[in-house]
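Please treat every number below as a calculation from the coordinates, not as lab data. No experiment lies behind these values; they were computed from the predicted model shown. Methodologically, a virtual Cβ is constructed for each residue, glycine included, from the backbone with ideal geometry; neighbour enumeration extends over all protein chains shown.
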Amino acid sequence: MGRSNLIGLCLFALCIALAPVALGNTLYQFIPLGALALMAIGLSLLMGYAGQISLGQSAFYAVGAYTSALCSAKLGWSPWVTIPLSAVLAAGVALLVGMPSLRLRGHYLAMATLAFGEIVRIVLDGWITLTGGSSGIRGGAPLTVGWPGSQPLVVFNTLTNERAVFYLVWTVAFLGLVLALNLIHSRVGRALRAIHDGEEAAVVLGVPTARYKIQIFVLSAVYASLAGSLYAHSFSYLTPDEFGSAKSILLVVMVVVGGMRTVWGAVVGTLLMGSLTEWLSWMENYWLVVYGVVLLVITMFVPQGILLGAGDFSRWLYRKIVRKKQSGEIKVS
Amino acid sequence: MPDMLERVLQLLVSGLAVGSIYAMVAIGYNIIYNATGIINLAQGEFVMLGGMLTVWGATRWGLPVPVAILTAVCLVTLIGVTLERLTIRPLRNPTVLTLLILTIGGSFLLKGAAMLIWGKNVYYMPAFLGTEPIRFARVAIERQEVFVWVSLAVVTVALTLFFNHTLTGKAMRACSYNRVAARLVGINSRLMVMLAFGLSAGIGALAGAVVVPITNMEYSSGSMFGLKGFSAAVLGGLGNNTAAVVAGIALALIESLVAGFVDSTYKDAVALSVLLIVLFVRPSGLFGNAALNRLKEF
């Protein structure tokens, strides 16, 4: 992992640590955003490195949230057990959905995940005895930290301890980012980049492209499931609205806006689009059009995304100014 | 027992109309897939726009129904061509992922615009030829359903004639076999892509227009039509129009039987599960040829 990534991580950690002071009363809004960032990091691995697109990430988000909440509420299991359990379940489901479509060449995954997302939505709305239908269910028991047998030291609940939940969610997002960065700079990451740059060439060189693509897709599903579980245990209520296809769409927009050539783009895109939707919530009716236009404009004119686009722009500007200065000096001499 | 038979027949008859719609949507996917090698994720929005514009034309502008349908089809064709011209055409050497994201963007744009224009209301309109059903040996057939079957028949026949007996149609087919070779013999492949978008938008709009009296329409109806149509296209084998017709109708018949005998809550999940199962078991589709498919890019 290069030096710039390490500096970036340090800055990111500092931002997370100081955020509660800087954000004050708006801290609450940044908790679900942490979950979204985690999902976006997973999706950006899939889009930027495996060159595939998933339009059903919210379905894995839902699997993570509902499985964990139901297991802890109905069976009385600790969230520390149900969260990994639901991640395993999400991974299994992702394997089932992704394996057939990723073994094929091309982009069948987009439609397979879209279909899977719809199926999950239909089940959430329809299986009322289990999921409560459109009125939803209560969230899972909050995560706690402490010695067994005594009072917990910290209870991660948004109603009582907002700051702890914020740190929890964003720490997991941070760890997700570190893992993603490590992955990219490993053997697997190099193979993935080879797939993205030229699948035929990668195959010829002996890279098992299908297997890597499936692994990345499963990883992105695990990220989404973790995000869902964290959401389910931090908030007291779950409704299907939170897990609709709108969320999958928003994620794609976030990743494209931030830029899919780097995982950092996912974080930037999430913060940018997340804050925009929050601040401009009064123009809710226009969002779909705005998303459409943003996707089209970014894909056509800034395909590297806002983050790398800003870097390119500043370098271009710098070179222009420096060159002007140099040519000026030449004239003087 | 005769009651049972009657019920099955009745369900099959109503499934046939919905199946014709799926088939038309699937044909739309196929045409663009053949021309460009991508899946147009805005295909469902063409259906929604066709339906909405027909209702709007017939009720708001007071146009006669045939004129309203024609206007809707022409407008949506124009939208399809514009979408291709403004987003797909200007790109140099785009990757398939980029094209896919562009069609997603187009789909949000159309859906969002529809919501701004028509709001979140559900629109419906009376059947074109009256509501008195045709009785056929104790099975009732709605007139609108007959209208839908005829539309599919007309589209299929017209497309067959177009692709086999006109120079432009043959050129489009040549592009779908091999784009580079087609360009080498002087076919304007960019024009063919534009034509494909127009054609598939028009067919989608026609499907939307004739289905409104049966299922109603709102701004968000498009994605479900799109998904069902795609399921039909994959079930038949992507790119094959005849297979798409068979698959679309088969899919709707299964759906109709499940809704009638099992549980209508999960009706919509049936086609989508079929899609996932087909991808799992036989990704080249029921009538597809795996070896042939491998030569294409998608």
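Which condition does B:Ala171 not pass, out of (1) in contact (Cβ under 8 Å) with a residue 40 or more places away in the chain; (2) more than 21 Å from B:Pro64 (Cα to Cα); (3) touching a helix residue (DSSP H, G or I) at 6+ places or on another chain (Cβ under 8 Å), if it passes all the others? It is condition (1) that B:Ala171 fails. Entry remark, the range B:233-266: residues being under 11 Å from the mean Cα position of the chain (by Cα) and within 12 Å of another protein chain (Cβ to nearest Cβ) number 1 in total.
Restricting the range B:1-55 to residues that are more than 18 Å from B:Thr215 (Cα to Cα) and among the aromatic types (Phe, Trp, Tyr) leaves a set whose member that is surrounded by the most Cβ atoms within 10 Å (Cβ to Cβ) is B:Tyr29. Does B:Ala196 satisfy the criteria of being in contact (Cβ under 8 Å) with a residue 12 or more places away in the chain and farther than 17 Å from B:Leu75 by Cβ? Judged against the criteria, B:Ala196 is a match. A:Gly206 meets all of the listed conditions (1) part of a loop (DSSP other than H, G, I, E, B); (2) of a type outside the set (D, E, K, R); (3) in contact with a helix residue (DSSP H, G or I) (Cβ under 7 Å, 6 or more places away or on another chain); (4) over 29 Å from A:Phe12 (Cα atoms) but one, namely (3).
Can you tell me which condition A:Glu199 does not meet? The list is (1) surrounded by 20 or more Cβ atoms within 10 Å (Cβ to Cβ); (2) within 14 Å of chain B (Cβ to nearest Cβ), and all the others hold. If we test A:Glu199 against (1) surrounded by 20 or more Cβ atoms within 10 Å (Cβ to Cβ); (2) within 14 Å of chain B (Cβ to nearest Cβ), just (1) comes out false. Filtering the range B:101-143 to residues that are in contact (Cβ under 8 Å) with a residue 60 or more places away in the chain, assigned to a loop (DSSP other than H, G, I, E, B) and of a type in the set (A, V, I, L, M, F, W, C) leaves B:Val122, B:Met125, B:Ala127, B:Phe128. For the range B:106-127, taking the residues that are under 20 Å from the mean Cα position of the chain (by Cα), aromatic (Phe, Trp, Tyr) and closer than 24 Å to B:Val65 by Cα, the one that is farthest from the other protein chains (Cβ to nearest Cβ) is identified as B:Tyr124. Taking the range B:186-213 as the range and being under 16 Å from the mean Cα position of the chain (by Cα) and either β-branched (Val, Ile, Thr) or not in a helix (DSSP H, G or I) (or both) as the test, the residues that pass are B:Ile203, B:Val210, B:Val211, B:Val212.
Would you mention how many residues in the range A:253-289 are surrounded by fewer than 24 Cβ atoms within 10 Å (Cβ to Cβ) and not charged (D, E, K, R)? Explain how you work it out, then say what you get.
Step one: filter the range A:253-289 for residues surrounded by fewer than 24 Cβ atoms within 10 Å (Cβ to Cβ), giving A:261-262, A:264, A:268, A:271-272, A:274-289.
Applying the additional criterion that residues be not charged (D, E, K, R) yields A:262, A:264, A:268, A:271-272, A:274-277, A:279-283, A:285-289.
The qualifying residues number 19.
Of all residues in the range A:52-67, those that are within 14 Å of chain B (Cβ to nearest Cβ) have Cβ atoms under 7 Å from Cβ atoms of residues that are outside any helix (DSSP H, G or I), 6 or more apart or on another chain, in A:Gln52/A:His107; A:Ile53/A:His107; A:Ser58/A:Gly244. When the helices (runs of 4 or more DSSP H) confined to the range A:214-333 are screened for residues that are more than 14 Å from every other protein chain (Cβ to nearest Cβ), those reaching at least 3 such residues are found at A:263-279, A:305-332. Counting only residues that are within 14 Å of chain A (Cβ to nearest Cβ) and either crowded, with 16+ Cβ neighbours inside 10 Å or in a helix (DSSP H, G or I) (or both), the range B:64-100 holds 14 of them.
For the range A:18-45, a residue qualifies if it is more than 19 Å from A:Trp279 (Cβ to Cβ), over 19 Å from the mean Cα position of the chain (by Cα) and touching a residue at least 60 places away in the same chain (Cβ under 8 Å), and exactly one does: A:Pro20.
Taken together, the residues in the range A:77-132 that are over 22 Å from the mean Cα position of the chain (by Cα), of a type in the set (Gly, Ala, Ser) and at the interface with another protein chain (Cβ under 7 Å from one of its Cβ atoms) amount to 2.
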